[in-house]
Amino acid sequence: MAKNNRYGKALILSRDQIEEVIANLSYPHNAIASLCYWSASRAGEIVSLPVTAIGDTSISIRQTKTKVVKEISYCFPQIKEAIALIHQPQGQWCFPGRKPGLHLTIRAFQKQLDHALDWIGLRGASSHSFRRSMATHLYLSGVDLESIRQMTGHKTLSSLTEYIDIPRLEAQSRISEAIAQWGKADLVGSV
């Protein structure tokens, strides 16, 4: 399902919707979707994950846009659970394709994802929804932008903020709260 009326951006899903989508996918697509979300990675980066990327303490994901390898440590149980979904891979790839020596294609994953999204009735979502949703969920949970940028691998904070869906009124409310906490004495002393 294509991104519909989202101004070129994939729909951000709630955590319940993420779980529902993953539950409606069969292997290996459920493992790919789970890793996309919990590592805040692009689907293309996960379908092409080599077996050697899975380490004892972290997973190494080569980013398709920047060509930089990001390390996601197993510091939270969900990433370990996502990795545990991967069946014992044979050969070079965690998610082998139909043709020997090749990994599963992004098209094959997207096709299965589209079926699950149609079944659930989610319009405007795509494989990129996992990455945007994780960045937004982390931000709404109070994680600072620099930490999120490091996890997603964005080069700049400005490119990251395009991913995070923050309603304008919520942003204004946060600014008002911050200014209210400063107090008049702080303002007089800093001018």
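Of the numbered conditions (1) closer than 21 Å to Lys9 by Cβ; (2) in contact (Cβ under 8 Å) with a residue 40 or more places away in the chain, Arg149 satisfies every one except a single condition; which is it?
Arg149 satisfies every listed condition except (2).
Based on what the data block shows, is Gly142 at positive phi and either at pLDDT below 90 or not aliphatic (A, V, I, L, M) (or both)? Walk me through how you get there before you give the answer.
Numbers: at positive phi: yes; either at pLDDT below 90 or not aliphatic (A, V, I, L, M) (or both): yes.
So Gly142 fits the description; yes.
The values are calculated or read from the model by the stated rules, or taken from the named source; none is laboratory data. Given the structure is predicted, the values throughout are model-derived calculations rather than measurements. Here Cβ is always computed from backbone atoms with ideal geometry, including for glycine, and neighbour counts include all displayed protein chains.
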